[in-house]
Amino acid sequence: MIITNDLVEAFLKCPTKCFLQSCGEVGTGNAYATWVRTKNKVFRIEGTKRLVAGVAPDRCVIGTPAMGSPKSSQWHLGVDFAVQSQNLRCSCHAVEQIPSAGRGRTAQFVPIRFVFRNKLNPDDKLLLAFDARVLSEVLRREVGLGKIVHGENYATRKVKTSALAGEVRKLTDKIGTLLASSSPPDLALNRHCAECEFQNRCRPKAIEKDDLSLLSGMTEKERTNFNSKGIFTVTQLSHTFRPRRRPQGLRDKRERYHHSLKALAIRERKIHIVGSPEVKIEGTPVYMDVEGLPDRDFYYLIGIRFKTGDSVVHHSLWADSPSNEGSIWRELLSKLIEVENPVLIHYGSFETVFLKRMRQRYGAPPSGSRAAKALESPINLLSVVFGQIYFPTYSNGLKDIAGWLGFK
């Protein structure tokens, strides 16, 4: 089995996805996955145009030139550069050839990848290092440097691929072992599932198996630890919960999170409560939800909802571009001033980070104002739920809990 770029990328996200792709299985589709592929394709086309524009026409080749031919040293940029060694194949987005600096020195080959995101992650660098490894095996010379063109400004990041060679070698060994097997790896859900085209295949199987990976709050290390004790299902885990009386000295401290109690809540389809959680709202609740693009550090929507008299008021504050972000922040502050003793209520840390960043970027409201008081003590409902209220849901996600309570 030939290991390709696509299989390496899939393995980095999920071994099961890698195995399914190697077997030619096609997913049922995922809107986000389709959007990502389209964005990458469009970005790659535009990025390639920019690279080609900076090279003389007779120095640019489309496809893979014949290595060792008289003309093989005359090109400076290769686009859609596909090469294959014994069991590895890569299709480089582009390859730059840098002429030798003098006698006795060979030309350098620099693989180039295009990534539409502004922020790179370790997987992007590993995929580039994989391209470099295949190139080095085909050319029989070290390819120790690569470039990633990324983001809305088409910034270029140089990557020392030689430093990742060992990690890439281990990665391809793992993939080779996986593909040599006749059966798929043990199914385990992870964060990538939400954006995977095989989501509708894997999740029902996990539910059928009652697999521990359904519990999104459980880490792989914790799951492995439970497996070593013979616990493989949510139901099995639920039978291990034992309520214990806490020592007097720990009564005022928060109880740690119990995966077994979460499993028990799911098995019994009941809400379990630890301690005496309470939420004190001394004022007018203002429910807030924020949407943004973390990749661009840009918040484009602030939603707030509060009651005034016998009616409910809802505001959606939109920013069409980063330049409008400050405007919707100031608009939020002006709305808070209109509310009698406003108390901001949100769910999760996303809004916590948002409030901190907005004050740093655009300034805080005047001290002592209604808006300032609201920003000083917002209430994060998730912090109240976590470790104290166990809903019969596989996660503490707002949609999961709201769905169980009957909301759509």
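None of the figures in this text is laboratory data; all of them are computed from the coordinates on show. If you're wondering where the values come from, they're calculated on a predicted model, not measured in any experiment. All Cβ positions, glycine included, derive from the backbone under ideal geometry; neighbour counts span all protein chains shown.
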Given pairs LYS262/LYS399; LYS125/LYS229; LYS170/LYS221; LYS205/LYS270; LYS209/LYS399 and cut-off 26 Å on Cα-Cα distance, the over-length ones are LYS125/LYS229
Mind listing the phi-derived Karplus ³J(HN,Hα) values for region 293-305, rounded to whole Hz, using 6.51, -1.76 and 1.60 with θ = phi - 60°, and x for any glycine or proline?
10, x, 4, 10, 6, 10, 9, 10, 8, 10, x, 10, 8
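Can you give me the relative contact order of region 108-239 as a percent, contacts being Cα pairs under 8 Å and 6 or more apart?
About 17 percent, as a whole number.
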Suppose a student asked you for the relative contact order of the chain, using Cα pairs under 8 Å spaced at least 6 residues apart; what percent would you report?
12 percent
So, how do all the Cα-to-Cα distances of the chain break down into 10 Å bins, in percent, from 0 on up?
4, 16, 21, 22, 19, 12, 5, 1, 0
Quickly rank 369-376, 380-387 as a protection proxy: mean count of other C-beta atoms within 10 Å, highest first.
369-376, 380-387
Residues whose modelled amide H sits under 5 Å from the amide H of VAL286, counting only those 5 or more places away in sequence or on another chain, are VAL343, LEU344, ILE345
For region 191-273, just run the numbers: alpha carbon Rg, then divide by 2.2 N^0.38 Å, N being how many residues it has.
1.28
Extent along principal axes [Cα atoms of region 284-384; Å; largest to smallest]:
38, 28, 26
Evaluate the charge dipole of the chain about its Cα centre and quote only its size in Debye, nearest 20, assuming +1 on the Cβ of each Lys and Arg and -1 on the Cβ of each Asp and Glu.
1000 debye
Label-point gap, in nm, between PHE407 and ARG359 - each point 7 angstrom along Cα→Cβ
2.6 nm
I need the helices of the chain that pass two filters: whole DSSP H segments spanning 24 Å or more by Cα along the axis, and mean Kyte-Doolittle score no lower than 1.6.
none
Using DSSP to call loops (not H, G, I, E or B), can you name the GluC sites (Glu not before Pro) in region 96-176 whose Cβ has at most 12 other Cβ atoms within 10 angstrom?
GLU152
Are there GluC sites (Glu not before Pro) in region 262-310 that DSSP marks as loop and that have at most 11 other Cβ atoms within 10 Å, and which are they?
GLU278, GLU282
Which whole-number percent is the relative contact order of region 191-273 (Cα, under 8 Å, 6+ apart)?
25 percent
Please check: in the Gaussian network model of the chain (C-alpha springs, under 10 Å), which one of LYS253, LYS356, LYS17 has the largest mean-square fluctuation.
LYS253
Quote the FRET efficiency, to the nearest 0.05, computed for LYS209 versus SER316 with a Förster distance R0 of 41 Å and r equal to the Cβ-Cβ distance.
0.50
Under unit Cβ charges (Lys, Arg +1; Asp, Glu -1), what dipole magnitude, rounded to 20 debye, does region 254-377 have relative to its Cα centre?
460 debye
Could you name the lysines whose alpha carbon sits less than 23 Å from that of LYS373, not counting residues in the same chain fewer than 8 places away?
LYS280, LYS307, LYS335, LYS356
Show me the GluC sites (Glu not before Pro) within region 307-357 that DSSP assigns to loop and that have at most 12 other Cβ atoms within 10 Å of their Cβ.
GLU338, GLU340
Could you check the spin-label model distance between ALA372 and PHE350? Points 7 Å from the Cα along Cα→Cβ, value in nm.
3.0 nm
Principal axes of region 3-180: Cα extent on each, largest first, Å:
51, 35, 26
